[in-house]
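The values are calculated or read from the model by the stated rules, or taken from the named source; none is laboratory data. The structure presented is a predicted model; accordingly, all values stated were derived computationally and were not measured. Neighbour counts are summed over all protein chains in view; Cβ atoms, including those assigned to glycine, are modelled from backbone coordinates with ideal geometry.
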Amino acid sequence: MWPTNFAARLESWQALRTQVQTLPLESALTTINNWWFNSPWQPYYLHWDDNEDWPDPWQLLSDNYYCDVARGLGILYTISLLDRADLMSAELVLTEEGHNLVLVDKTKYILNWDRNTIVNTNQEVKIQRRLSQDRVRQYK
């Protein structure tokens, strides 16, 4: 169940980050992906053309609107705030097919694709736009 108020969302998000800090990589990614898929979906909240004005992680949780882009951004923020060497190469991408995905370790792990699973693959993803983890780390 998604927390109904901002304070509860902050507390739940902090608990998520604490929980996944020491989990094995795949378990951590699956847990993060699943948590964000519980968010209330709304179409067209964020758009790639406006990425300079996207909310920081706390504003994203406060606004509480989650299209595919916003959910992917939340996933990327969560990963970026963790202190894990195995999660230093995540990025949010818009694929040529129109999917908003979070790639970890290039395309070894793909999040924001399905609620209950992460894709573990080495397939090539054709990327149209991207947001690097370095850019979102400014909100730490």
Given the criteria at pLDDT below 95, surrounded by 14 or more Cβ atoms within 10 Å (Cβ to Cβ) and in contact with a Ser or Thr (Cβ under 8 Å, 6 or more places away or on another chain), does ILE32 qualify? no
Quick check on the stretch 132-139. Is at least one of its residues part of a loop (DSSP other than H, G, I, E, B) and either hydroxyl-bearing (Ser, Thr, Tyr) or out of contact with any strand residue (DSSP E or B) (no Cβ under 7 Å at 6 or more places or on another chain) (or both)? no
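Filter the stretch 75-86 down to the residues that are among the aliphatic types (A, V, I, L, M), in a helix (DSSP H, G or I) and in contact (Cβ under 8 Å) with a residue 60 or more places away in the chain and list them by number. Show your work before the answer.
Pass one, the stretch 75-86, residues among the aliphatic types (A, V, I, L, M): 75-76, 79, 81-82, 85.
Those left that are additionally in a helix (DSSP H, G or I): 75-76, 79, 85.
Result: LEU76, single match.
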Kindly list the number of the only condition in (1) among the β-branched types (Val, Ile, Thr); (2) crowded, with 22+ Cβ neighbours inside 10 Å; (3) not in a helix (DSSP H, G or I) that fails for THR107. (2)
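Each row is one residue, and each column tells you yes or no for (1) at pLDDT 95 or above; (2) aliphatic (A, V, I, L, M); (3) not in a helix (DSSP H, G or I).
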{"residue": "TYR44", "(1), (2), (3)": "no, no, yes"}
{"residue": "ASP50", "(1), (2), (3)": "no, no, no"}
{"residue": "SER62", "(1), (2), (3)": "yes, no, no"}
{"residue": "ALA70", "(1), (2), (3)": "yes, yes, no"}
{"residue": "LEU73", "(1), (2), (3)": "yes, yes, no"}
Within the stretch 35-60, the residues that are buried (at least 21 other Cβ atoms within 10 Å of the Cβ) and either touching a His at 6+ places or on another chain (Cβ under 9 Å) or farther than 16 Å from ARG137 by Cβ (or both) are TRP36, LEU46
Could you list, in sequence order, all residues of the stretch 68-89 that are touching a strand residue (DSSP E or B) at 6+ places or on another chain (Cβ under 7 Å) and either among the basic types (Lys, Arg) or surrounded by fewer than 23 Cβ atoms within 10 Å (Cβ to Cβ) (or both)? ASP68, VAL69, LEU87, SER89
Selection from the stretch 115-127 of residues out of contact with any helix residue (DSSP H, G or I) (no Cβ under 8 Å at 6 or more places or on another chain), under 20 Å from THR31 (Cβ atoms) and part of a loop (DSSP other than H, G, I, E, B) yields THR121
Criterion (at pLDDT 95 or above and assigned to a helix (DSSP H, G or I)) met by exactly one of SER12, SER39: SER12
